[in-house]
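None of the figures in this text is laboratory data; all of them are computed from the coordinates on show. No experiment lies behind these values; they were computed from the predicted model shown. Positions of Cβ are backbone-derived with ideal geometry, glycine not excepted, and every protein chain shown enters the neighbour counts.
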Amino acid sequence: MFLALTLLLPIPVSNRKKNKRILSEKSYGKLTARERILLLLDPDSFDEYDMFVEHRCSDFGMDSNKNKYPGDSVVTGRGRINGRLAYVFSQRNVLCSGVVPQISLIMGPCAGGAVYSPALTDFTFMVKDTSYLFITGPDVVKSVTNEDVTQEQLGGAKTHTAVSGVAHRAFENDIDALLNLREFFNYLPLSNRDPAPVCECHDPSDRLVPELDTVVPVESTKAYDMLDIIHSIADEREFFEIMPSYARNIVVGFARMNGRTVGIVGNQPKVASGCLDINSSVKGARFVRFCDAFNIPLITFVDVPGFLPGTAQEYGGIIRHGAKLLFAFAEATVPKITIITRKAYGGAYDVMSSKHLRGDANYAWPTAEVAVMGAKGAVQIIFRGKEANAEAEYVDKFANPFPAAMRGFVDDIIQPSTTRMRICHDLDVLASKTQSSPWKKHANIPL
Amino acid sequence: MGIKTVAIHSDVDANAVHVKMADEAVCVGPAPTGKSYLNMDAIMEVIKKTRAQAVHPGYGFLSENKEFARRLASEGVTFIGPDTHAIQAMGDKIESKLLAKNAKVNTIPGFDGVVKDADEAVRIAREIGYPVMIKASAGGGGKGMRIAWDDEETREGFRFSSQEAASSFGDDRLLIEKFIDNPRHIEIQVLADKHGNALWLNERECSIQRRNQKVVEEAPSTFLDPETRRAMGEQAVALAKAVKYSSAGTVEFLVDSSKNFYFLEMNTRLQVEHPVTECITGLDLVQEMIRVAKGYPLRHKQADIPINGWAVECRVYAEDPYKSFGLPSIGKLSQYQEPLHVPSVRVDSGIQQGSDISIYYDPMISKLITYGSNRAEALKRMEEALDNYVIRGVAHNISLLREVIVHPRFVQGDISTKFLPEVYPDGFKGHKLTDLERRELLATAASLYVAEQLRSQRFLGTPRIPIAKSKRSSWELSVRLGDGNYPIAVSKDGSSFSVEVDGMKLNVTSEWNLASPLLSVTVDGTQRTIQRLSRNASGDTRIQFLGTVYKLQILTKVAAELSKYMPEKAAEDTSSILRSPMPGAVVAVSVKPGDTVSEGQEICVIEAMKMQNSMIAAKTGKVKAVHCKAGDTVGEGDLLVELE
């Protein structure tokens, strides 16, 4: 596991009081590198590398002794988080991608080519108000395009977690970020050769969840919160959501089922009716590929009315972006369990880890509607408004899980309250799943 | 009883408990009560369709509606309740008082008219009996009201009031009425059949109220002696007989500090708090009502009605007790577990895990009843039951209920209808921790934190890269609770923790099941059931302890020390924004963008659960944006209006 903490202030902690630069950093609410490491790693577990490396810059008087510090530029080394090995680096290697999980925590400004360091890692987290990421800063933007923009607007935590999708989570301050990083670390395996970690779990795996029997509203047009479902089935209601503010029509994140880490993907009916669009497809696809790369089983909750129609989406290339999610689910060889809670319409149904994409266990709740599209739209297209009773007939025929179950597209229709139990049982059985793909240099996902 | 039942429900209640329990269920309309539960046409339709023979109206809604009873009668359907005549007579405030007077039931004595002089005032006051209240008849409410406890005060009161009556109102008439000091609300349950038999089933003490709504009830009352009880019971029965009452009913009395009691009103239906009477008498009131409606005579004689033990009922509401003893809260019950494992507990509820508490109905979650061979036992069980009640997803009043039942005044039985405002003059603020309790809470929280940390190092299976086993057995923490920061040292001592707080060592043991909503923790031999409501990686923890929810932040000493370098995030300037204090519907918006408002000016009106709340501007300024319009439904904390 590689962890990158940008802007590791290189001054030994013992010098905090003496050093002017630290005093000025303090007013920005930042910690020094060694203070960060103290919070991130288990006590006394840090072994530092390259402490004696100095910068080699000689221009503008940088080579004078007052501008030289031992342990300059970055702090790197090895330590433990809850007993498990972690490497703290400032630069990573593309070759490590898919071998060990890599996480970047942006704790200060990061500009120019340096932004590609976090961009190449699996997860990028930011600290609110004190961290920025941009290719070119506000001054350059002003001089080139005459656009007035602040650092915060251009590349602050809010911009990257809600607008650009560059960062995956934002935290209140350095301490909050580091403590959350420790917790996040516990979800992840150390490498692609390790299984998803299993923690000691006090939540019974056969716990029934009675509220799920009523969570889907009677009116099929009414929204509900997919997070309610996820929290209620997960161990101890804990869910570490990834990109909670971006493309909110899809929910992705990590939870545990009977102690074992799982990746959860779910359509969010509360936002844009849970439809798939360009951003949600890309968000989902990247998450699915991470889970597949690191042996984390995938649980998918489906309530999707379709792909978002319109020129904006078609011109934006929804076909190739939607294909990413389809590709990611299809190529994934980790255990895949899917629960259709309500709508599973058309192509979007296919994409959402359907049986046709080598799903291991695909379930439908009694409220599920597996069909090409909703009754109203279908009847309009088929009968052009000539058949008055056709809609009721369509609802009767297709707005239920039975046609799909009869064809084997869903393995069972389950009582929603038993969902947690079913998933936990399936995960036990699927723990030894192996599936090999034909030799290739790498697959060609439609980027 | 072998009776098949049909439940009616509104469309939002389609999954309600009563619907599931009934043999059949029919939807009578959309959520607003006027269109469903009060919609007589729809309900009559259902009765015809299902060929129901009798209707139990429950409490509230149509239970005291004579029109409904009349329509049922015209269709030949039995109304499980009294005759329309009794409903009508008791539904009218003036008529019921007259009837009561004629049936020789104590009513509040008084005189309303011209009083010649002070001597006459004294004569009237003596007739009524001290203390008396004197005021100008024309003055509304409590305005110009004077209380006189003896002749001297009566003369003085007469002088002031008659002057005021003449000068302020130009009306000489005075009202002299019995003043009921420290009134208690005590009611008598009656049960009558159609054959002229009537019984009194003892009293219920319902003095703990907020905004005239009962919160805690018990039976019997600590205040009544057998003579008063019999006198009240006999008068209640006399009244029931006078109106030819049949079915169960309740006669409400105000009782003053000298055990004088006065008729208030009669409720011609089953009361919410009827379970406490059932507990101490052993009668099933609903069953008796059905028998009576069928025409059977009563099975019991007055001498058969016992007082066995003591029963207490707490009304558990989805409301925030920190706002005027309870403002409604809405939401989904994400977790809900009734304390049925505690002995002698009865929970009457219509909701379950996953239920929505909506703005359409009374926000009552349940009635929690405990029973004991004596009052102390019933109260002890109530404490336990409240601690073991799991309600998540909505605000609830468990903290207030628990504080009331352990308050020394309540425990001694020294209560009145003014109990809450007297005991909490500045509003309810939750439990106030003693030093010992605070140490217990801190030790428990710190131990929970360490238990969690230890668990997060325990991975199952054998990983490829060995996990470094921590040999750590002691932790230095810093816990923030309220305004205080407490350094705490925890060391592991076998399966328990030894915790040092404020220089004192406490021993904390538990099973440390971190998934269970209820945690049994023993600190230095004192066992308590606590609930950890939430935790996060940043150390923020919410613990329900002695009924009240406490927010704590638990950090290692190192993290706490470094916290001082973290920037203070500027809090939102709340004076220029107006947020909804509770969920409800916007009734009216009095401003539009660009308007200038002055401090204290009404900006909009929110209605929630029958209450209208005026939202006022916190400062003078120009309206920047209005985010709501009349008719909107808003949630707690929703932005309504922004000022510049």
Checklist line | Relative packing of peptides A:346-353, A:217-224, B:414-421 - highest average C-beta neighbours within 10 Å first | finding: A:346-353, B:414-421, A:217-224
Note to self: Counting only Cα atoms, I'd like the Rg/Rh figure for segment B:1-76, Kirkwood definition for Rh.
What the structure shows: 0.93
Notebook entry, point to check: Can you give me the Cα centroid spacing of segment A:177-207 and segment B:481-511 in angstrom?
Noted result: 27 Å
Note to self: If I build a Gaussian network model for chain A, linking alpha-carbon pairs within less than 10 angstrom, which residue out of A:ILE242, A:ILE229, A:ILE381 has the largest mean-square fluctuation?
What the structure shows: A:ILE381
Next item on the list: Grab every C-alpha pair in segment B:338-386, bin the distances at 5 angstrom width from 0 up to the longest one, and report whole percents.
Entry: 5, 20, 25, 18, 13, 11, 6, 2
Checklist line | Debye intensity ratio I(q)/I(0), log10, segment B:515-644, q values 0.11, 0.12, 0.22 Å⁻¹ (C-alpha model) | finding: -0.65, -0.72, -1.14
Next item on the list: Could you tally the net charge around B:PRO466, taking each other residue with its Cβ under 13 Å from the Cβ of B:PRO466, Lys/Arg +1 and Asp/Glu -1?
Entry: +3
Next item on the list: Could you name the lysines whose alpha carbon sits less than 24 Å from that of A:LYS441, not counting residues in the same chain fewer than 8 places away?
Entry: A:LYS324, A:LYS433
Check: Picking from B:ASN102, B:ILE359, A:PHE240, whose Cα lies most toward the positive end of the charge dipole for the protein assembly as shown (charges on Cβ: Lys, Arg +1; Asp, Glu -1)?
Finding: A:PHE240
Next item on the list: Just tell me which lysines come within less than 24 Å, Cα to Cα, of A:LYS142; anything on the same chain fewer than 8 places away is out.
Entry: A:LYS128, A:LYS158
Check: What percentages, rounded to whole numbers, describe P(r) for segment A:210-430 computed over all alpha carbon pairs with 10 Å bin width beginning at zero?
Finding: 9, 35, 38, 14, 3, 0
Check: Looking at B:PRO32, A:CYS96, A:GLN151, which one has the Cα that reaches farthest to the positive end of the dipole of the protein assembly as shown (charges on Cβ: Lys, Arg +1; Asp, Glu -1)?
Finding: A:CYS96
Note to self: If I model a spin label as a point 7 Å beyond the Cα along the Cα-Cβ vector, how far apart are those points for B:HIS341 and A:LYS376 in nm?
What the structure shows: 4.8 nm
Next item on the list: Any of A:LYS222/B:LYS367; B:LYS4/B:LYS332; B:LYS4/B:LYS294; B:LYS505/B:LYS557; B:LYS66/B:LYS194 with alpha carbons more than 25 Å apart? Name them for me.
Entry: A:LYS222/B:LYS367; B:LYS4/B:LYS332
Check: 222 nm [θ] for chain A, helices only, -39500 (n - 2.57) per DSSP H run of 4+, per residue, to 500?
Finding: -8000 deg cm²/dmol
Note to self: At 0.36 nm per residue, and after removing the present C-alpha to C-alpha distance, how many nm does the segment from B:ILE108 to B:MET21 gain when stretched out fully?
What the structure shows: 26.9 nm
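For peptide B:462-473, what's the mean number of Cβ atoms from other chains within 10 Å of each residue's Cβ?
4
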Note to self: Can you give the local net charge around A:THR136? Use residues other than it whose beta-carbon is closer than 15 angstrom to its beta-carbon, Lys and Arg +1, Asp and Glu -1.
What the structure shows: -2
Margin query: Distance between the C-alpha centers of segment B:1-52 and segment B:278-309? Whole Å please.
Written below: 27 Å
Next item on the list: Express the relative contact order of chain A as a whole percentage, based on alpha carbon pairs under 8 Å and six or more residues apart in sequence.
Entry: 11 percent
Next item on the list: Starting from the Cα of A:LYS440, draw a straight line to each of the lysines and keep only those under 17 Å, dropping any in the same chain fewer than 8 residues away.
Entry: none
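Could you estimate the translational diffusion coefficient of segment B:577-643 from the Stokes-Einstein equation, with Rh from the Kirkwood formula over C-alpha pairs, at 10 °C and 1.306 mPa s, in whole µm²/s?
138 µm²/s
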Margin query: How much of the DSSP bridge set in the protein assembly as shown is antiparallel, in percent, rounded to the nearest 5?
Written below: 75 percent
Notebook entry, point to check: Counting partner chain Cβ atoms within 10 Å of every residue's Cβ in A:209-218, what's the average?
Noted result: 4
Next item on the list: Arrange the peptides B:124-133, B:466-475 so that the one whose residues have, on average, the most other Cβ atoms within 10 Å appears first.
Entry: B:124-133, B:466-475
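Is there a simple number for the mean count of other chain Cβ atoms within 10 Å of the Cβ of residues in A:221-231, and what is it?
1
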Checklist line | Kirkwood hydrodynamic radius of chain B, Cα pairs, Å | finding: 28.6 Å
Check: Considering only chain B, what is the antiparallel percent among its DSSP beta bridges, to the nearest 5?
Finding: 95 percent
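If you put +1 on each Lys and Arg Cβ and -1 on each Asp and Glu Cβ, how big is the dipole of the protein assembly as shown around its Cα centre, in Debye rounded to 20?
Details: 128 positive and 134 negative charges, 531 e Å.
The dipole magnitude comes to about 2540 debye.
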Notebook entry, point to check: At q = 0.08 Å⁻¹, what base-10 log of I(q)/I(0) does the Debye formula yield for the protein assembly as shown when every alpha carbon is treated as an equal point scatterer in vacuo?
Noted result: -1.03
Note to self: Show me, bin by bin at 10 Å from 0, the whole-percent P(r) of segment B:109-178 based on Cα pairs.
What the structure shows: 25, 62, 13
Notebook entry, point to check: What is the sum of charges around A:LEU276, taking Lys and Arg as +1, Asp and Glu as -1, for the other residues whose C-beta is under 14 Å from the C-beta of A:LEU276?
Noted result: +1
Notebook entry, point to check: For segment A:291-338 and segment A:382-447, what is the separation of their Cα centres, given in Å?
Noted result: 14 Å
Margin query: Rounded to the nearest 20 debye, what is the charge dipole size of segment B:1-52 about its Cα centre when +1 sits on each Lys and Arg Cβ and -1 on each Asp and Glu Cβ?
Written below: 140 debye
Next item on the list: Quick one: what are the phi-derived ³J(HN,Hα) couplings along segment A:320-326, Karplus 6.51/-1.76/1.60 with θ = phi - 60°, whole Hz, x for glycine and proline?
Entry: 6, 6, x, 4, 4, 5, 4
Checklist line | Dipole axis of the protein assembly as shown (+1 Lys, Arg; -1 Asp, Glu on Cβ), positive-most option in A:GLN415, B:GLN601, B:VAL623 | finding: A:GLN415
Check: Nearest 20 debye, what's the magnitude of the dipole of chain A about its Cα centre given +1 on Lys and Arg Cβ and -1 on Asp and Glu Cβ?
Finding: 900 debye
Note to self: What value in Å³ per residue do you get for the convex hull of the alpha-carbon atoms in chain A?
What the structure shows: 175 Å³
Notebook entry, point to check: Taking chain A as a Gaussian network, where each spring joins two C-alpha atoms under 10 Å apart, which residue of A:ASP303, A:ASP59, A:ASP122 fluctuates the most?
Noted result: A:ASP59
Next item on the list: Using DSSP, restrict attention to beta bridges with both residues in chain A and report what percent are antiparallel, rounded to the nearest 5.
Entry: 35 percent
